[in-house]
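Chemist: Quick one: structure below, then a few questions.
Read-outs throughout are calculated quantities, based only on the coordinates presented, and are distinct from any laboratory measurement. Source: prediction; values computed, not measured. We place every Cβ from the backbone using ideal geometry, glycine too, and count neighbours over all the protein chains shown.
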Amino acid sequence: MGKQKKIFSSERGFPLPGGAVVLENGINFTIFSRHATAVILVLQLSGESDPTDFVEIILDPAINRTGDIWHILLTTKERDFCYGYRMDGERDIEEKGLIYDTKQILLDPFCQNIKGRKWGAPSPQTDVPLCRLSDHNFDWQNDRPLKIPMVDSVIYELHVRGFTKDSSSQVQNPGTYLGIIEKIPYLKELGVTAVELMPVTEWDENDNLFFDPKSGELLKNYWGYNPISFCALKSGFAANPEQHINEFKTMVRSLHQAGIEVILDMVYNHTGEGGYDGSTTSFRGIDNSIYYLLAREHEYQYLNYSGCGNTFNCNHPVVREFIRESLRYWVMEMHVDGFRFDLASILGRDSNGEVLSNPPMIEMIAQDPILRDTKIIAEAWDAAGLYQVGSFSRDSRWAEWNGKFRDNIRSFMAGHSDSIANLATRIAGSSDLYQSSDRTPCNSVNFITSHDGFTLHDLVSYEMKQNLANGEENRDGDNHNISWNSGAEGKSEDPLITTMRHRRIRTFSLLLILSQGVPMITAGDEFGRTQSGNNNSWCQDNADNWIDWDLAKTNNGLLRFFRKCIALRKKHPIFRKRNFFNQRIDSEISWQSLTPKVEDWSANCHTLAFMLKGNVQEPDFLIMLNGQRTGTVEFTIPQAPVISSTWHQIIDTARDTPNDFTDTKLPGKQQKHNTVQVESMAAVVLQSKKG
């Protein structure tokens, strides 16, 4: 115990709200613990010569406890200090799942500000993490939620550090929240409406146990899917870690001013405390049997549905309330616009790990009045094999990462057989997943790549993962990539192969952006970013994960194509319908193979065309796809629906820039013949224009 250098006067305090709250007459501290027998508030005063010397205030359970909430009000004007808790109680894992250790200083789960440190600075094992009081004085300049309709959204997934850390980004504050601000003009020109930030709640990037097999250096936990807090912002992403909250708010405000929303990737399925051999920073030491799923019949070992050593007990009433309050904090105080929930199927498991038919946690998030205007997106599976794409929730508030869209589009673009029917279903908005429950194409977040897996460049360049650099002898990462290397594995100087790869990237992007649903692009895919075939780059804090902005110049043609596809989607509502296509005779969408009105859904077919019917104000579109690895096919095109209209070619992904996408402001090439040649792995798009 540290010696007491200062005496604080105190009062009983209040059990709510959670965390440390500054009041007119002092600071109220509260923390939940049902099974602790003693709670000590630990203060580290600013200016002390010995940072390990603490003031410790013992809470009297007869005075400072209401139910399961421990609380105390310090009647002081002092604000410049850090705090944590020590807790005592039983240490009985096998019989009760309790693991109290009074020597361990614990973080307050409601803490919004963990003592700042630069990226890569000493980890919590050697430098005790402590909570700080939060000062939320910030000029939001009348910032308000943008409330961009889901149907109009184009999401851009990025890692805060990796987005601008490389010197090629040419920003003043690389790898930071402020660095993103400097790239806002780029994001606006690209046309995205939201950035989806990979985890920005605090974690220990130094908790990796694997070493680089070449250099012998300890690898980083780079991605951040190992949280030690759900309320505290990652200080290591700030140019000045002491000002990280204001830097984040400045970023959000600036993005909003540019018309771009901010979506956070939240990891409520587990914590960075890991198994019993992991480091205890908060939840385990506060009340292990409440916060985690434990197998009572197996000596209270952790149930591991996350693949990371533990599983958060999301449907316990105490934990549910905590999750809701943390989400409210990010919306009310930090002004974020939505959330993507990592391994969200865990939100639907009960205290025994069983899947609930109507999970309270999932319903609470959807129906919470504070969160009603936010976007909520589920990664509708977990690491234990539960796969709920299309069935995660019947509530129309929930959108889902559509893993079937990813897999079916990849299958077609790898030349696999029996892929045409699935391709058509995904293009049309995945009615098989969402229509029967009165949901819409907007419930489908379509993606082909994400942080997890190959980049788009690597998807067309590798069939085998190249993960040796992760230090696990290439055992980690998914083996089911549904990829085709376009004729050679990895890097290639063969012009035929590089031409095919760029063609396929363009076709992939067209299918992603012009399909019904909400497209999500992974940062850097738009100009051919590579991870050298690593499909699980979670630990690579280097050039493999840092975006090489020079590629935006080298592959400017790809970037131009992405921009134009997004602009086309935004201009024409036919590509972003609010409801599924009308299946009446006079249908809004019609399908064919090579010949009008002749469909071919057989396993051996690799060609598909579909016509989108516009209206008086909107043109019609005909999109023709050739999924063969080799060989050109000839489509016979139907007559444009309006007799006075003619077809004009606007896109051919087999052509190089600028001929791959004709400027739609110009007349375009009129189709004078009734047939169109489409090369292998290419797409051709025709647009009707009145003659």
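Chemist: Just going by the charge dipole of the chain, with Lys and Arg at +1 and Asp and Glu at -1 on Cβ, which of CYS539, PRO369, THR636 is farthest out on the positive end?
Modeler: About the Cα centre, the residue reaching furthest to the positive side is THR636.
Chemist: May I pose another question? If I model a spin label as a point 7 Å beyond the Cα along the Cα-Cβ vector, how far apart are those points for GLN257 and ARG79 in nm?
Modeler: 2.5
Chemist: Can you show me the helix-derived [θ] at 222 nm for the chain, built from DSSP H runs with n ≥ 4 at -39,500 (n - 2.57) apiece and divided by the number of residues, rounded to the nearest 500.
Modeler: One gets -5500 deg cm²/dmol as the mean residue ellipticity at 222 nm.
Chemist: Here is a follow-up. Can you pull out the cysteines in the chain that have no other Cys Cβ under 4.7 Å?
Modeler: If one checks each Cβ against the other cysteines of the chain, CYS82, CYS231, CYS308, CYS314, CYS442, CYS539, CYS565, CYS605 turn up with nothing under 4.7 Å.
Chemist: Looking at region 18-87, what % of the alpha carbon pairs are farther apart than 14 Å?
Modeler: Result: 59 percent of Cα pairs exceed 14 Å.
Chemist: Further question: Can you tell me the 0 to 90 degree angle between the C-alpha axis of helix 403-413 and the longest principal axis of the chain, rounded to 10?
Modeler: With rounding to tens, the tilt is 30 degrees.
Chemist: For region 381-479, what log10 I(q)/I(0) values come out of the Debye formula at q = 0.10, 0.15, 0.25 1/Å, with one point per alpha carbon and no solvent?
Modeler: Treating every Cα as an identical point scatterer, log10 I(q)/I(0) equals -0.34, -0.72, -1.33.
Chemist: What is the diffusion coefficient of region 549-634 in µm²/s, taking the Kirkwood radius over Cα pairs and the Stokes-Einstein relation at 10 °C with a viscosity of 1.306 mPa s?
Modeler: 102
Chemist: Taking Cα pairs under 8 Å and at least six residues apart, what relative contact order does the chain come out at, in percent?
Modeler: Normalised by residue count, the contact order of the chain is 10 percent.
Chemist: Moving on. By how many nm would the segment from ASN474 to HIS136 grow when fully extended, if each residue of separation counts as 0.36 nm and the alpha-carbon distance is taken off?
Modeler: Between ASN474 and HIS136, full extension yields 117.2 nm more.
Chemist: If the cut-off is 25 Å between C-alpha atoms, which lysines fall inside it for LYS115, apart from same-chain ones fewer than 8 positions away?
Modeler: LYS3, LYS5, LYS6, LYS77, LYS103, LYS165, LYS220, LYS234, LYS249
Chemist: Mind pulling the angle between the C-alpha long axis of helix 244-257 and the longest principal axis of the chain? Nearest 10 degrees, somewhere in 0 to 90.
Modeler: 30
Chemist: Sticking with this one: Using a cut-off of 11 Å between beta-carbons, work out the net charge of the residues near ILE148 (Lys and Arg +1, Asp and Glu -1, ILE148 not included).
Modeler: Once positives and negatives cancel, what remains is -2.
Chemist: Take the Cα of THR632, step 7 Å along the line toward its Cβ, and report every residue of region 561-600 whose backbone nitrogen sits under 18 Å from that point.
Modeler: From region 561-600, the list is 594-595.
Chemist: Region 154-252: which GluC sites (Glu not before Pro) are DSSP loop and have at most 16 other beta-carbon atoms within 10 angstrom?
Modeler: GLU217
Chemist: List the pairs from LYS404/LYS570; LYS147/LYS564; LYS375/LYS689; LYS375/LYS571 whose alpha-carbon separation is above 27 Å, in the order I gave them.
Modeler: LYS375/LYS689
Chemist: Where Rh denotes the Kirkwood radius from the mean inverse Cα pair distance, what is Rg over Rh for region 589-690?
Modeler: Reported Rg/Rh (Cα atoms, Kirkwood Rh): 0.96.
Chemist: With everything on Cα atoms, drop me the angle between helix 317-332 and the longest principal axis of the chain, reported from 0 to 90° to the nearest 10.
Modeler: The helix 317-332 is inclined about 70 degrees to the chain.
Chemist: Could I ask something else about it? Of THR499, ILE420, LEU608, which is farthest towards the positive pole of the chain's charge dipole, taken about the Cα centre with +1 and -1 on the beta-carbons of Lys, Arg and Asp, Glu respectively?
Modeler: Working it through, the farthest residue towards the positive pole turns out to be LEU608.
Chemist: Another question, then. Report the calculated FRET efficiency for ARG563 and GLU618 (r = Cβ-Cβ distance, R0 = 30 Å), to the nearest 0.05.
Modeler: Calculated transfer efficiency: 0.90.
Chemist: In square nanometres and to one decimal, what's the mean projected area of the convex hull around the Cα atoms of region 324-416?
Modeler: 7.3
Chemist: Hey, another quick one. Please give me, ordered by residue number, the trypsin sites (Lys or Arg not before Pro) of region 444-550 that lie in loop per DSSP and have at most 14 other Cβ atoms within 10 Å.
Modeler: Taking region 444-550 and a limit of 14 other Cβ atoms within 10 Å, the loop trypsin sites (Lys or Arg not before Pro) found are ARG475, LYS491.
Chemist: Would you be so kind as to identify which of ASN408, TYR85, TYR291 lies farthest towards the positive end of the dipole of the chain, taking Lys and Arg as +1 and Asp and Glu as -1 on Cβ and the Cα centre as origin?
Modeler: Towards the positive end, the residue furthest out is ASN408.
Chemist: Still on this structure: Could you tell me which GluC sites (Glu not before Pro) in region 477-528 are loop residues by DSSP with no more than 10 other beta carbons within 10 angstrom of their beta carbon?
Modeler: GLU493
Chemist: Here is a follow-up. With charges set only on the Cβ (+1 for Lys and Arg, -1 for Asp and Glu), what does the dipole of the chain come to about its Cα centre, in debye to the nearest 20?
Modeler: Here the size comes out at about 2640 debye.
Chemist: Work out how far the C-alpha atoms of region 78-159 reach from end to end along every principal axis, then list the three figures in whole Å, largest first.
Modeler: Between the extreme Cα coordinates on each principal axis of region 78-159 lie 53, 38, 25 Å.
Chemist: If you don't mind, there's one more thing I want to ask. Given a cut-off of 36 Å, what percent of all Cα-Cα pairs of the chain lie beyond it?
Modeler: 43
Chemist: Go through region 105-121 residue by residue and turn each phi into a ³J(HN,Hα) via Karplus (6.51, -1.76, 1.60, θ = phi - 60°); whole Hz please, and just put x for glycine and proline.
Modeler: With coefficients 6.51, -1.76 and 1.60, one gets 8, 10, 7, 6, x, 8, 4, 9, 8, 8, 2, x, 8, 5, 4, x, 5 Hz.
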